[in-house]
Amino acid sequence: MIKRLFAGLILAALTLPALAAFDLGQLMGELARHKGGKARFVEKKYLAVLDKPVVSSGEMSYTAPDRLEKRTLTPKVETLLLDKDMLSIEREKQKLTINLSNQPEALAFIDSIRGTLTGNRAALEKNYALFLAGNLDKWTLTLLPSDPKIAALVQRITVSGSKNQIRNIEYLQADGDRSVMSIEPIDNR
Amino acid sequence: MSPARRSFLLWLLAMLAGAAIVWHSRFTADMSFFLPSKPTAEQQVLVDQLKEGAVARLLMVAISGGDVEQRATLSRDLRGRLGKMPEFASVQNGQSGSESADRDFLFKHRYLLSPSVRPERFTVDGLKNAISNSIDLLASPAGMMLKPLLTSDPTGELVDILSQLNAGAQPASRAGVWASRDGERAMLLIQTRALGSDTDGQENAIQLIRQQFAESRTASGLSDARLALSGPGLFAVNSRATIKDEVSQLSLISSVAIIAVLFFVYRSFRLLTLGLLPVVSGALAGVVAVSLAYGTVFGITVGFGSALIGEAVDYSIYYFVQSSRMGVDAWRERFWPTIRLGVLTSISGFAALLFSGFPGLAQLGLYSLAGVLTAALVTRFVLPQLAGTTIERRDLTPLGHLLERSIGQVQRLRWPMLALAIAAAATLYLDRDSLWNPELSALSPVSQADQQVDLALRADMAAPDSRYLVVINAADQETALQMAERTGLQLDRLVERGLLGGYDSPTRFLPSQLSQAQRQASLPSNDELALRLKAVLQDAPLAASKLDRFLADIESTRRQPKITPASLAGTQLALAVDAMLLKHAKGWSVLLPLRPPQDGSAMIDAAAVRAALTEDTAGQALFIDMKGEFDKLYNDYLHEASQLSLAGLIGIILLLAITLRSPRRLGRVLLPLILAVLIVIGGLHLLGERLHLLHLIGMLLIVAVGSNYALFFDRADETTGPDPETLASMLVANLTTAIGFGTLGLSNVPILHAVGVTVGPGAVLALLLAAIFAPRGTTG
């Protein structure tokens, strides 16, 4: 009995350094060092109303700290630009600009991406409970909304990646529909 | 009955009749003072908008103090309170939920409203296109909002309807309600039921807002919360209050000052009372004449009364001072012709204004003309009867002698005065480009502070300035809407070419019955549609079985009644349609507000829009630049006023030329007047006063009023000059005139102020210069 307890303690002692080696703070610090870059993305939306997922693809680029551009090339060209709190969407001849500071729910939603990209733990924890699993080479960060207004839109956001590179973002919406975006960095050096 | 009694009774009867007319007169202090009496088609739109337009009924409200949540609570509470009141057509503060009725309406009627609903939309190809488009849209971030609509609106009609609407400027939002750009104030937009021209209604609405805010503030315990309010209604109410206050204040100041002067001169209550008789008669006659001729009397016109008092009292001063020594008959023979000529020159000046298309100016002219004429007639025919033959008053001969000696002194100033006038003329000539204020707002009685609050609130609200409009007139509502739809097609082309940022149209929410019928007719029957859908959705990810709601909605649209204005009841869209679709005596008008292209210039290429409009609609649609129209209106007024002033001046010169029959005497009378005008205008310019239309009128009045003094010097005996008594009477009369006009200079109403600062000093200078340039012989 004492032996088993002892063994358990040793085991715990052994795993502790491993856990300490990769915690949320470390991931955030790692992400914050990422100064930007270009990536290709493929986004699949699984919607109950449709028999097949809707697939879109294109390129996105991020410039730290607050400029994110997402250019969808298929099925329709569309540009989404997030610059500080201004979100603009350009599609065909139409251009829509939204000041996010006026739209708290949309802002919280956008902050899930932006907070992860910039490694801004405080911004993320304002609206989400964070759960981290895995190690630096293969981590998964789960965000669960703490504000019921956001929870009415999205149940869970799962971000996974390797080191400071995000590879996958999955949104599980409140109604059960989900979208999965996989991100492939373009080496521009 | 004695002649005296008879004239008195006649006068009394006339006065009583006049008082009765005044009692029933309508007094107003609204913008119509400035609006053209014979408007062009474009100006008519301006007039209608100011009187009845939706913009004229909007009030902007800002709440400051407390923190963001407290302000939001106050904003919601105020909206709740005012929203229930019948005085307000709409109270908006951006709180969510207020748009749900609008969305429901647009969704319910999407197949009647969407311009994409045409027969080809519902063919197999058309459906395939539209549905695959909608599915593609789901891939977009914006598509998430459309997901719940896919099965009921697979062709995306709602998206097409919404994409036409102005997605542009919206106020900022904090804590769920509209806020200023810096977030420090909560904002509301209120539309009154009362028309913009109904100043009482506007005053009542503003009072209700203030009162409800005060109650709301007490209830919430937020004592440092403040309310700022602006809008055309507030301008009208404040202007009226200013004019009302000033009319009584200015008249009181000038009356008290003039009575003091008269009492100093007469030392007799009887003479004082008699002396005021022509003035009171004149003021009454002025209002009566205006009331009979125009139906409505402007407050500013009555405010002009203070000047009239100063001018009209002159005649009784001349009479009492000059006739006491020589008797009434001698006075009539010797002095009345001079006074009569003075009256006639004054009348010529005022009469020129009668022909103005600027209604305010025409009223001022009629009011003054009737007033001066009446005062002169009462002095000539009633006063002598009442005053009797013995006039006991203070002896003014010592004053007259003093004046005689002074004239000798001041005549040395001939060359300096000429030099001064030449310097003034040179200054005016050199600065001729910056003399005039080119804006109509220069005449507006709205205070600078009010204008600044308005500017700030407007920027915070991102309120449209409604500068550019297309106006369509038609005999009935249906024709007007059909024409608006045709004009819309032209405007769409301009939007595509980037010449327009966009436009609004009532047909977005209330299409013509014709368009609605055409859209209904393009919808296929249920069986036909089901058949086509089957073909369309063969390979699509969307199952036809999920589209029951779509089929049902199409079918019900085919059978449902068309949209009428009544269908819009209870939505904000009804207000939008009301603002753009107006019924008036001659039929219906549609207003299409245009938005400038987003190139930062905020200007619209008027020529391009006009060309596009005439191309297709045969000139029935009228493009209007409201600011341009205002500027043009003012320039028309200014141009007309300069012509009228010139005509008035020529009239005065002709009158003098015919009476004096001597170029030398004419020159002698005119010289001091022209010098006075030059010196006064030069002085005002140097003091930083930007000249406007009423200064111009003031110049004419200097000549019209000042000629009275110059004439006395002219009529005087060449060798001896005017006798001391006459000199004294001229000084007293000049003093009262200067007081009367000068008091107007204290006014905050630009129209009155300009006349006051021009004619007040001008009258004094006219007398002084007349004395300086009087023939040398008069120095005695």
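The values are calculated or read from the model by the stated rules, or taken from the named source; none is laboratory data. No experiment lies behind these values; they were computed from the predicted model shown. Cβ: placed from backbone, ideal geometry, glycine included. Neighbour counts: every protein chain shown. The accessibility values were calculated without ligands, DNA or RNA, using every heavy atom of the protein model including side chains. Shrake-Rupley method; radii C 1.70, N 1.55, O 1.52, S 1.80 Å.
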Checklist entry - Roughly speaking, to the nearest percent, how much of the protein assembly as shown's 1.4 Å accessible area is carbon and sulfur? => result 59
Checklist entry - Within the P(r) computed for the stretch B:113-160, what percentage of the Cα pairs occupies the region above 11 Å? => result 65
Next on the checklist: Please give me, ordered by residue number, the GluC sites (Glu not before Pro) of the stretch B:599-696 that lie in loop per DSSP and have at most 10 other Cβ atoms within 10 Å.
Outcome noted: none
Checklist entry - Considering every residue in A:74-82, what mean count of other chain Cβ atoms within 10 Å of its Cβ is obtained? => result 3
Item to check | the stretch B:215-364 shape via C-alpha gyration tensor axes, a/c threshold 1.5 | outcome: oblate
Checklist outcome for this item: For chain B, the longest principal axis of the Cα atoms and the Cα long axis of helix B:199-220 enclose an angle in degrees, to the nearest 10, of 60
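Out of every Cα pair in the protein assembly as shown, what percent are spaced more than 40 Å from each other?
Details: 272808 of 468996 pairs.
Tail of the P(r) past 40 Å holds 58 percent of the pairs.
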Item to check | Alpha carbon convex hull of the stretch B:414-470, volume per residue in cubic angstrom | outcome: 158
Checklist outcome for this item: So the FRET efficiency between B:Leu687 and B:Arg181, C-beta based with R0 = 56 Å and rounded to 0.05, is 0.90
Checklist outcome for this item: Site B:Ala17, offset 7 angstrom along Cα→Cβ, radius 14 Å on amide nitrogen, limited to the stretch B:368-383, gives none
Next on the checklist: How long are the semi-axes of the equivalent ellipsoid of chain B, taking √(5λ) for every eigenvalue λ of the Cα gyration tensor, in whole Å from largest down?
Outcome noted: 69, 26, 23
Checklist outcome for this item: Quick calc, B:Gln560 & A:Gln155: beta-carbon distance into FRET formula, R0 51 Å, rounding 0.05, result 0.85
Checklist entry - To the nearest 10 degrees, how steeply does helix A:104-118 sit against the main Cα axis of chain A, on a 0 to 90 scale? => result 60
Item to check | Rg/Rh (Cα only; Kirkwood hydrodynamic radius) as it applies to the stretch B:661-780 | outcome: 1.02
Checklist entry - Which angle between 0 and 90 degrees, to the nearest 10, do you get for helix B:448-461 versus the longest principal axis of chain B when only C-alpha atoms count? => result 10
Checklist outcome for this item: Rg from C-alpha atoms of the stretch A:65-148, normalised by the globular rule of thumb 2.2 N^0.38 Å, equals 1.26
Next on the checklist: Using the Cα atoms of the stretch B:276-399, I'd like the radius of gyration and the largest Cα-Cα distance, Dmax, both in angstrom.
Outcome noted: 15.8, 50
Item to check | Semi-axes of the equivalent ellipsoid for the stretch B:221-302, Cα gyration tensor, largest first, Å | outcome: 38, 21, 7
Checklist entry - Going through the stretch A:84-164, which GluC sites (Glu not before Pro) have at most 11 other Cβ atoms within 10 Å and a DSSP loop state? => result A:Glu92
Checklist outcome for this item: Each residue of A:43-52 has, on average, a number of other protein chain C-beta atoms within 10 Å of its C-beta equal to 5
Next on the checklist: If I model the stretch A:33-189 as equal point scatterers sitting on the Cα atoms and use the Debye formula, what is log10 I(q)/I(0) at q = 0.15, 0.21 Å⁻¹?
Outcome noted: -0.86, -1.77
Next on the checklist: What's the whole-number percent of alpha carbon pairs in the stretch B:372-508 lying beyond 27 angstrom?
Outcome noted: 71
Next on the checklist: How large is the translational diffusion coefficient of the stretch B:429-536 in µm² per second when you combine the Kirkwood radius over alpha carbon pairs with Stokes-Einstein at 10 °C and 1.306 mPa s?
Outcome noted: 82
Next on the checklist: If you count only protein heavy atoms with a 1.4 Å probe, what accessible area per residue comes out for the stretch B:543-612, rounded to a whole Å²?
Outcome noted: 51
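Please label the shape of the stretch B:625-683 as rounded, prolate or oblate, based on the square roots a ≥ b ≥ c of the eigenvalues of the alpha-carbon gyration tensor (a/c under 1.5 means rounded; beyond that, a/b larger than b/c means prolate, else oblate).
Because a/c hits 1.5 or more and a/b fails to exceed b/c, the stretch B:625-683 counts as oblate.
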Checklist outcome for this item: Probe 1.4 Å, heavy atoms of protein chains only: per residue, the accessible area of the stretch B:411-504 in Å² is 52
Item to check | Using distinct alpha-carbon pairs, which all enter the 1/r mean, Kirkwood radius of the stretch B:145-289 in Å | outcome: 21.9
Checklist outcome for this item: Here D for the stretch B:268-338, in µm²/s, from Stokes-Einstein with a Kirkwood Rh over Cα pairs at 10 °C and 1.306 mPa s, works out to 116
Item to check | Euclidean distance of C-alpha centroids, the stretch B:432-476 and the stretch B:85-164, integer Å | outcome: 36
Next on the checklist: Show me the trypsin sites (Lys or Arg not before Pro) within the stretch A:20-83 that DSSP assigns to loop and that have at most 11 other Cβ atoms within 10 Å of their Cβ.
Outcome noted: A:Arg33, A:Lys35
Checklist entry - When the Cα centres of the stretch B:321-400 and the stretch B:24-57 are compared, how far apart do they sit, in Å? => result 37
Checklist entry - Using the Kirkwood radius built from alpha carbon pairs, what does the Stokes-Einstein equation give as D for the stretch B:527-636 at 10 °C and 1.306 mPa s, in µm² per second? => result 82
Next on the checklist: To the nearest hundred square angstrom, how large is the accessible surface buried between A and B, total for both chains, probe 1.4 angstrom?
Outcome noted: 2000
Item to check | Sorted peptide list for B:401-410, B:110-119, B:322-331, criterion being average Cβ within 10 angstrom, highest first | outcome: B:110-119, B:322-331, B:401-410
Item to check | Signed unit charges on C-beta, dipole axis of the stretch B:630-750, positive-most listed residue B:Ala728, B:Gly745, B:Ile652 | outcome: B:Ile652
